[in-house]
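Student: Let me begin by handing over the structure; questions about it come next.
The values are calculated or read from the model by the stated rules, or taken from the named source; none is laboratory data. Everything numeric here is computed off the predicted structure, so don't read it as measured data. Cβ coordinates were reconstructed from backbone atoms using ideal geometry, including for glycine residues, and neighbour counts include every protein chain displayed.
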Amino acid sequence: MTTDNVKRERAQRPAGRGIRQSMSGLHIWAGLLMGWILYAMFLTGTVSYFKDELSQWMRPELAHQAELPDPALVAQRVADELGAIAPGSPQWSMRLPDGRTNSVYAFWRMAPGEAGAAPGRRAFGEAAFDPTTGGKVTARETLGGDFFYRFHFQFHYMPVLWGRWIAGAAAMFMLVAIVSGVITHKKIFIDFFTFRGGKGQRSWLDAHNALSVFGLPFHAMITYTGLVTLMALYMPWGERTAITTPAERQQLTAELNAFIQPGKPGGQTAPLASVADMVRQAQERWGQDAVGRVTATNSGDSTARVAVARGEAGRVSMSPQYMLFDGPTGRLLETREGVGAAAETRGVLYALHLGRFGDTVTRWLYFLVSLMGTAMVGTGLVMWTVKRRQKLSDPERPHIGFRIVERLNIASIAGLSVAMTAFLWGNRLLPAGMADRGAWEIHLFFAVWALTLAHAVLRPARTAWIEQLWAAAALLALLPVLNAVTTDRPLWHSVAEADWVFAGMDLMCLSLAALHAVLALRTARHRPKPRAVPAKARGGVIGGALEEGRS
Amino acid sequence: MHLLSFALCLAAFAALALATERQQHDLFGRPLPQAATHLLRIAGTGVMLLVLGVLLDWQGWGLGLVMFSGHTSLAAGVVFCAAIGLASARRRGKPAAISPASRRV
């Protein structure tokens, strides 16, 4: 076939969809179908970068930690306490306090036969401990910021695996949306700074593009690494083929984390040697504040082992680094500081997602760019309705698909802000001694969220947006007031004490309240453009004046 | 060091913004000469590479690259919002345009 023939054939071919067009369609579908779930994942993920601070705020009974307590002493105290409350536990693990946490979170495996541990199934106990006394914290029962964190990748009210599968599916759709979005964005460099205001759909598109492109490295990274963190669930076949014996499984686990696994207990009791000394040895090796976690197996038995693991700050990898000690004697058995190349790759990707390595500025950068990503999803969802509203044959009676998207948008975006703030209100208002208090804070979150959906369906759409945005603004603005009234840590006190966790929380609430108020005002002020008048009716001063009405 | 890096990123993106035709129209009412646009692009890119170098030297490859990504994303957003603010302030300052349709016949 000659070049001329090819060219002629191409010219004669009916104008079809180019790759940009098809990618645009793919982008819209992928974004829309999972948009509401992705928005929730993005927003809860964003706030999770400050989940430790949020947890502190949600346990106001725990005093502000002005100085970091000696990690070695803390480890000893909590180890003693765990020995008392969970004797015979095959494995316990504690996370030492750092600059962002003022309690020690620990979990332990129930001894076989213990209440709640069904035969064959592993049951865990968990609690937060006071670093100064070693005892369980005497603060209100709450999941703290960990609720948003866990919701982010496994939601709630469903088996954990289902939640993670849904999150994974949403993330895969997100990846498709990112790649198709980049392909379809025609003038990604020329239009880098473009914003055309007051132009309806075009303005929404410019905003969506800006939010997406500026944060593109982050959005692509966070989506891909999110999938990597649960890759063993989504693509298990390699592991299933390669790892067939328990010994191989132990080797694999050692490459992934510092949770050393217990062997068979020897049966002879032997008290644990000084955990404080073990931690001090680790501090000598890695730094004063560099110890993150202490795990023990078969504590109190002659076969006990203790692993002191390095903290996550300052290195972009979650691959385990730990010093392994013999439990009864305290002798250093092994120092593990390297893993294989594949495991290290996974460690780096996992670390990038969690962002725990960063200093305060880096954490704030993560938070702000993640917020941009949340807005990216939100603007995309809203843009869908803005674009199609113009094309409705009868704007008073849109088709069912449009109505569903419109109402879900309101509840998933504005409604989520209301629900998340209601969760914090619940933390301050629910009685301290209430049974299952932590669970009821969560029930409140979902109840309010469901109410916002009902509100979104029952009210006219535009009114629902405005009312929910104002509700969020009000709840956020009044949260510092509620805090001042229900605790002894009001804003002025926190600032005076340089308690930046509480002060920061109050100030953040006020800033977010202002943001929601601005959104509510702009929505209220927005007057939809008059629909284009057909050509024969236009003309003369009146028709022309309609065009001038735009500022 | 973070503050310095962020400030330099702001300057770099401001230069790159000024090098785009649309922003030049919005801010100056006319496109700048080609040479100025080239210079702005080179300067903007150069400063950004400088920031990368500073961060890599300060924190190493892992942390440095992540911090660079964060600073650039945020700085781009800030410059973007500033450009919107400047453009709308400029529009408000101008007297309302007289259009043919509203002129008395």
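Student: Are any of the residues in region A:402-420 away from every other protein chain (no Cβ under 13 Å), polar (S, T, N, Q), within 23 Å of A:Phe445 (Cβ to Cβ) and touching a His at 6+ places or on another chain (Cβ under 8 Å)?
Tutor: yes
Student: Now for a different question. How many residues are β-branched (Val, Ile, Thr), assigned to a loop (DSSP other than H, G, I, E, B) and buried (at least 17 other Cβ atoms within 10 Å of the Cβ) if we restrict to region A:224-263?
Tutor: Of all residues in region A:224-263, those β-branched (Val, Ile, Thr) come to A:225, A:228-229, A:241, A:243-245, A:253, A:260.
Going one step further and asking which of them are assigned to a loop (DSSP other than H, G, I, E, B), we end up with A:243-245, A:260.
This time we only want the ones that are buried (at least 17 other Cβ atoms within 10 Å of the Cβ), so: A:260.
Summing the residues that are β-branched (Val, Ile, Thr), assigned to a loop (DSSP other than H, G, I, E, B) and buried (at least 17 other Cβ atoms within 10 Å of the Cβ) in region A:224-263 gives 1.
Student: Something else about it: Condition (residue is without any contact (Cβ under 8 Å) to a residue 24 or more places away in the chain, within 18 Å of A:Pro217 (Cα to Cα) and of a type outside the set (Gly, Ala, Ser)) applied to region B:34-51: is it met by at least one residue?
Tutor: For region B:34-51, residues without any contact (Cβ under 8 Å) to a residue 24 or more places away in the chain, within 18 Å of A:Pro217 (Cα to Cα) and of a type outside the set (Gly, Ala, Ser): present.
Student: Only one of these is over 30 Å from A:Val382 (Cα atoms) and assigned to a helix (DSSP H, G or I): A:Ala484, A:Ala473. Name it.
Tutor: Details: A:Ala473 fails: over 30 Å from A:Val382 (Cα atoms).
Checking each option against the conditions leaves just A:Ala484.
Student: A follow-up question, please. Name the residues in region A:319-339 that are surrounded by 22 or more Cβ atoms within 10 Å (Cβ to Cβ) and either at positive phi or under 22 Å from the mean Cα position of the chain (by Cα) (or both), would you?
Tutor: Selection gives A:Ser319 alone.
Student: Quick check on region A:373-424: of everything there that is basic (Lys, Arg) and in a helix (DSSP H, G or I), which residue is modelled with the lowest pLDDT?
Tutor: A:Lys391
Student: Next question, about the same structure. So for region A:223-245 (the condition being away from chain B (no Cβ under 14 Å), polar (S, T, N, Q) and in contact (Cβ under 8 Å) with a residue 24 or more places away in the chain), does at least one residue qualify?
Tutor: Checking region A:223-245: at least one residue is away from chain B (no Cβ under 14 Å), polar (S, T, N, Q) and in contact (Cβ under 8 Å) with a residue 24 or more places away in the chain.
Student: Exactly one condition in (1) crowded, with 16+ Cβ neighbours inside 10 Å; (2) within 14 Å of chain B (Cβ to nearest Cβ); (3) at positive phi is not met by A:Gly198; state its number.
Tutor: (1)
Student: For region A:133-157, which positions are hydrophobic (A, V, I, L, M, F, W, C) and in a loop (DSSP other than H, G, I, E, B)?
Tutor: Residues of region A:133-157 that are hydrophobic (A, V, I, L, M, F, W, C), as a first pass: A:137, A:139, A:143, A:147-148, A:151, A:153, A:155.
Correct list: A:Val137, A:Ala139, A:Leu143, A:Phe155.
Student: Looking at A:Val448 and the list (1) in contact with a Phe, Trp or Tyr (Cβ under 9 Å, 6 or more places away or on another chain); (2) over 30 Å from A:Gln65 (Cβ atoms); (3) free of Cβ contacts under 8 Å to residues at least 24 places away in the same chain, which single condition is not satisfied?
Tutor: Going through the list (1) in contact with a Phe, Trp or Tyr (Cβ under 9 Å, 6 or more places away or on another chain); (2) over 30 Å from A:Gln65 (Cβ atoms); (3) free of Cβ contacts under 8 Å to residues at least 24 places away in the same chain, A:Val448 breaks only (3).
Student: Now, a different point. Does A:Phe173 qualify as being aromatic (Phe, Trp, Tyr), more than 28 Å from A:Ser55 (Cβ to Cβ) and in a loop (DSSP other than H, G, I, E, B)?
Tutor: no
Student: Residues A:Ile183, A:Ile166: which one is β-branched (Val, Ile, Thr) and modelled with pLDDT under 95?
Tutor: Testing whether each residue is β-branched (Val, Ile, Thr) and modelled with pLDDT under 95 leaves just A:Ile183.
Student: Need the failing condition index for A:Thr303 against (1) surrounded by fewer than 21 Cβ atoms within 10 Å (Cβ to Cβ); (2) in contact with a strand residue (DSSP E or B) (Cβ under 7 Å, 6 or more places away or on another chain); (3) of a type in the set (Val, Ile, Thr); (4) within 16 Å of A:Glu334 (Cα to Cα), just the number.
Tutor: Failing condition for A:Thr303: (2).
Student: Also, quick follow-up: Can you tell me which of (1) touching a strand residue (DSSP E or B) at 6+ places or on another chain (Cβ under 6 Å); (2) small (Gly, Ala, Ser); (3) touching a residue at least 40 places away in the same chain (Cβ under 8 Å) is the one A:Ala86 doesn't meet?
Tutor: In the conditions (1) touching a strand residue (DSSP E or B) at 6+ places or on another chain (Cβ under 6 Å); (2) small (Gly, Ala, Ser); (3) touching a residue at least 40 places away in the same chain (Cβ under 8 Å), A:Ala86 misses (3) alone.
Student: Residues in region A:300-307: is at least one away from chain B (no Cβ under 14 Å), within 15 Å of A:Asn257 (Cα to Cα) and not in a loop (DSSP other than H, G, I, E, B)? Lay out the reasoning, then the answer.
Tutor: In the first step, residues of region A:300-307 are kept if they are away from chain B (no Cβ under 14 Å); the result is A:300-307.
Next, from what is left, pick out any that are within 15 Å of A:Asn257 (Cα to Cα): A:306-307.
Keeping just the survivors that are not in a loop (DSSP other than H, G, I, E, B) gives A:306-307.
Yes: one or more hits.
Student: Then there's this: Being of a type in the set (Phe, Trp, Tyr) and in a loop (DSSP other than H, G, I, E, B) is the filter; apply it to region A:176-220 and report the residue that is farthest from B:Leu65 (Cα to Cα).
Tutor: Among them, the one singled out is A:Phe195.
Student: If we scan region B:63-84, do we find a residue that is within 11 Å of chain A (Cβ to nearest Cβ), of a type in the set (Val, Ile, Thr) and over 13 Å from the mean Cα position of the chain (by Cα)?
Tutor: Within region B:63-84, one or more residues are within 11 Å of chain A (Cβ to nearest Cβ), of a type in the set (Val, Ile, Thr) and over 13 Å from the mean Cα position of the chain (by Cα).
Student: For region A:20-44, give me the residue count where each residue is among the hydroxyl-bearing types (Ser, Thr, Tyr) and more than 16 Å from the chain's Cα centre (by Cα). Steps first, please.
Tutor: Within region A:20-44, the first condition is being among the hydroxyl-bearing types (Ser, Thr, Tyr), and the residues that meet it are A:22, A:24, A:39, A:44.
This time we only want the ones that are more than 16 Å from the chain's Cα centre (by Cα), so: A:22, A:24.
Count: 2.
Student: Moving to a separate point now. Specify the residue that is surrounded by the most Cβ atoms within 10 Å (Cβ to Cβ); the eligible residues are those in region A:66-83 that are of a type outside the set (A, V, I, L, M, F, W, C) and part of a helix (DSSP H, G or I).
Tutor: Among those residues, the one meeting the criterion is A:Pro71.
Student: Please find, within region A:250-271, the residue that is farthest from A:Tyr322 (Cα to Cα) out of those that are within 29 Å of the chain's Cα centre (by Cα) and free of Cβ contacts under 8 Å to residues at least 40 places away in the same chain.
Tutor: Within region A:250-271, the match that is farthest from A:Tyr322 (Cα to Cα) is A:Leu252.
Student: Report, by residue number, each residue of region A:340-369 that is within 11 Å of another protein chain (Cβ to nearest Cβ), surrounded by fewer than 20 Cβ atoms within 10 Å (Cβ to Cβ) and part of a loop (DSSP other than H, G, I, E, B).
Tutor: A:Asp359
Student: Determine whether region A:439-457 contains at least one residue that is buried (at least 17 other Cβ atoms within 10 Å of the Cβ), modelled with pLDDT under 95 and charged (D, E, K, R).
Tutor: no
Student: Looking at region B:19-62 only, could you name the residues that are part of a helix (DSSP H, G or I) and in contact with a Phe, Trp or Tyr (Cβ under 6 Å, 6 or more places away or on another chain)?
Tutor: B:Gln23, B:Leu52, B:Leu55 - these are the residues of region B:19-62 that are part of a helix (DSSP H, G or I) and in contact with a Phe, Trp or Tyr (Cβ under 6 Å, 6 or more places away or on another chain).
Student: Of the residues A:Ala86, A:Ala63, A:Ala15, which is surrounded by fewer than 17 Cβ atoms within 10 Å (Cβ to Cβ) and either under 30 Å from A:Phe129 (Cα atoms) or modelled with pLDDT of 90 or more (or both)? Talk me through it step by step, then tell me what you get.
Tutor: Working: A:Ala86 fails: surrounded by fewer than 17 Cβ atoms within 10 Å (Cβ to Cβ); A:Ala15 fails: either under 30 Å from A:Phe129 (Cα atoms) or modelled with pLDDT of 90 or more (or both).
Only one candidate qualifies: A:Ala63.
Student: Moving to a separate point now. Condition first: part of a helix (DSSP H, G or I), closer than 24 Å to A:Pro480 by Cβ and of a type in the set (Gly, Ala, Ser). Now tell me which residues in region A:429-461 satisfy that.
Tutor: If the condition is that a residue be part of a helix (DSSP H, G or I), closer than 24 Å to A:Pro480 by Cβ and of a type in the set (Gly, Ala, Ser), then A:Gly438, A:Ala447 are the ones that fit.
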